[in-house]
Amino acid sequence: MKKTLYLKFILAYILFAIFGFIVVATFVSGMTLDHCKKKEADDLYREATLIANTYATELYNSEVSLESVHNQLKAVGTYLNSDVMILNPSGRVVCDSRTEPDPSKEIYVEGFSPSVTGSSYYTIGNFFGQYESQRLSVLAPIAGGYRIKGYVCINYPYASIQAEATSLLNISYLELIVLFVLSLIILIFFTQIVYIPLRRITTATEQYAAGNMHYQFGVESSDEMGYLASTLSYMAAEIARQEDDQKKFVANVSHDFRSPLTSIKGFLEAMIDGTIPPEMHEKYLNIVLNETTRLTKLTNGLLTLNNLNTSGMLLHKTEFDINQTVRQVSASFEQTCRKRRVAIELVLGGEELYVNADADRIQQVLYNLVDNAIKFSHNDSVVRIETTEKRSKVFVSVKDSGIGIPKQDQNQIWERFYKTDLSRGKDKSGTGLGLSIVREIIRAHGENINLISTEGIGSEFIFSLPRSEKNDELE
Ligand code: ADP
């Protein structure tokens, strides 16, 4: 592809040159010859008419001598590089610039006919056999009374016209050559602006296709080529990033599955071979149960995330009371709260607050956030859930006064499997998938979720939802 594009361009350039020369050699050459012929004929006819109206008329009126008219014709003939003749309508030569006048001799132009010029005023030929080579001949009538007394005839060598046309044509060829040389600039521009960048881009795509996604290349131009190059390298960087994410993801999944499986296997083997005595079985079976619960949770989380990603998140939006959802979710944590002596404080905007969203998914969001808030709270503390409406939005906040999230982790907690070092001691059952699910759901709704957190003081997660117009009807 690389070579052919350039070859095609050069081929087009050569074709352009060939056609250029063909056009000049045929049309332009014909046009130049026609132009020279017509111009010369015009000039000669004007001259012939002038002679017909002056010396020739005077000669026929016997006002001047044949001798002096001959001298004039000779001078004009020399000046015009032509032969000038005065002929009677019958073809008899009255005066000829080529020969001295001799009244005793009667010389005729055999077969002379003034209609030889046809509808034009000039003709090309050997002028009734007078010449061996071709002449351009013009005829101007000499009028006297109401009849034509004779003709002034000027014969100009046709070869001179052809020579003039050829020299003019040579100028055209020269111009054409200059034009071709100048148009080489286009070729240089094409090479610099299109061909070289395109080659770089092609090399880059080959590298990317071969899997070298970190291949770097530069096309420093702000035109479409530059845009194409930067889009391509952006695309490659994105693919590289996704590949890295994918690898990280697989590594995390394997790790998170392997550790509970190893402990389950270890405990079960110990029970079977008697290392753990039967009276201790219940304790270790409970640990095994916890581990399987964690594995189930992990699998469910992964499945949810996968569904969210692949189905482009099909939301079943309805108008529902978010306050009611908050109440239900907090009720489901009653047992856990009691154990940890954590109180849930609800600060709800009104009795009912309708939003337009997917109820089940939002319940899952709230569940994950409240679960985290309780998990990372200290005993004897309060988790506050607040709903407020502002213009067309409803804001839901889940706030705890627990361990908080260090600043450097605040961007990463949304990533799959990410857990802060701070939280590891407090929570062993976490999968690190909860917040990824939360973020995907909120994003699918076209809404935002924000975090305000200070290490050691607590965290607040606030997300927005579209407010339903049903609230206005209730008021
Ligand atoms: P997990 O299942 O581990 O809770 P999440 O995705 O829900 O997974 O949370 C990711 C990590 O973010 C947690 O492991 C924890 O380190 C941190 N985190 C989330 N919520 C809180 C919170 N309310 N307070 C402190 N840390 C939190």
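First measure r as the distance between the Cβ atoms of Val194 and Val23, then evaluate 1/(1 + (r/R0)^6) with R0 = 30 Å and state the FRET efficiency to the nearest 0.05.
0.65
What does the extension gain come out to for Phe217 and Leu5, with contour length at 0.36 nm per residue minus their alpha carbon separation?
Value of the extension gain: 74.2 nm.
Using Cα pairs closer than 8 Å and at least 6 residues apart in sequence, work out the relative contact order for the stretch 317-474, in percent.
The normalised contact order for the stretch 317-474 reaches 26 percent.
Take peptides 460-468, 160-168 and line them up by average Cβ neighbours within 10 Å, highest first, as a rough protection proxy.
Ranked by mean Cβ neighbours within 10 Å, highest first: 460-468, 160-168.
Within the stretch 340-369, list the residues whose amide N lies under 19 Å from a label point set 7 Å along Cα→Cβ of Asn300.
Only 359-369 fall inside the zone, counting backbone N under 19 Å.
Tally up the carbon and sulfur contribution to the accessible surface of the chain as a whole percent, 1.4 Å probe, everything protein left in place.
57
List the GluC sites (Glu not before Pro) within the stretch 10-68 that fall in a DSSP loop (any state other than H, G, I, E or B) and whose Cβ has at most 10 other Cβ atoms within 10 Å.
Within the stretch 10-68, the qualifying GluC sites (Glu not before Pro) (loop, at most 10 other Cβ atoms within 10 Å) are Glu63.
Sort 430-439, 229-238, 399-408, 104-113 by packing, meaning the average of other beta carbons within 10 Å per residue, with the highest value first.
Going by the mean number of other Cβ atoms within 10 Å, highest first, we get 430-439, 399-408, 229-238, 104-113.
Give me the extension gain from Phe257 to Asp42: residue separation times 0.36 nm, minus the current Cα-Cα distance, reported in nm with one decimal.
Taking Phe257 through Asp42 to full extension adds about 67.0 nm, to one decimal.
With every protein chain left in place, what is the accessible area of Phe395 in Å² (1.4 Å probe, nearest 10)?
My reading of the accessible area for Phe395 is about 70 Å².
How big is D for the chain, in µm² s⁻¹ as a whole number, if Stokes-Einstein is applied with the Kirkwood radius of its Cα pairs at 20 °C and 1.002 mPa s?
64
Peptides 319-327, 251-259: what's the order by average Cβ count within 10 Å, highest mean first?
Top of the packing list down: 319-327, 251-259.
Expressed in nm to one decimal, what extension gain is obtained for the pair Glu206 and Arg424 from 0.36 nm per residue of sequence separation less their Cα-Cα distance?
Computed gain between Glu206 and Arg424 is 74.0 nm.
Leaving out ligands and nucleic acids, note down the accessible area per residue over the chain with a 1.4 angstrom probe, in whole Å².
58
With a sphere of radius 9 Å drawn around the Cβ of Gly349, what net charge do the other residues whose Cβ falls strictly inside it have (Lys, Arg +1; Asp, Glu -1)?
-2
Relative contact order for the chain using alpha-carbon pairs under 8 Å, separation at least 6, rounded to a whole percent?
Relative contact order for the chain comes out at 10 percent.
The values are calculated or read from the model by the stated rules, or taken from the named source; none is laboratory data. All values reported here derive from a predicted model rather than from experimental measurement. Cβ sites come from the backbone with ideal geometry, for glycine too, and all protein chains shown count toward neighbours. Protein only, heavy atoms only, side chains kept; ligands, DNA and RNA dropped before computing areas. Shrake-Rupley method; radii C 1.70, N 1.55, O 1.52, S 1.80 Å.
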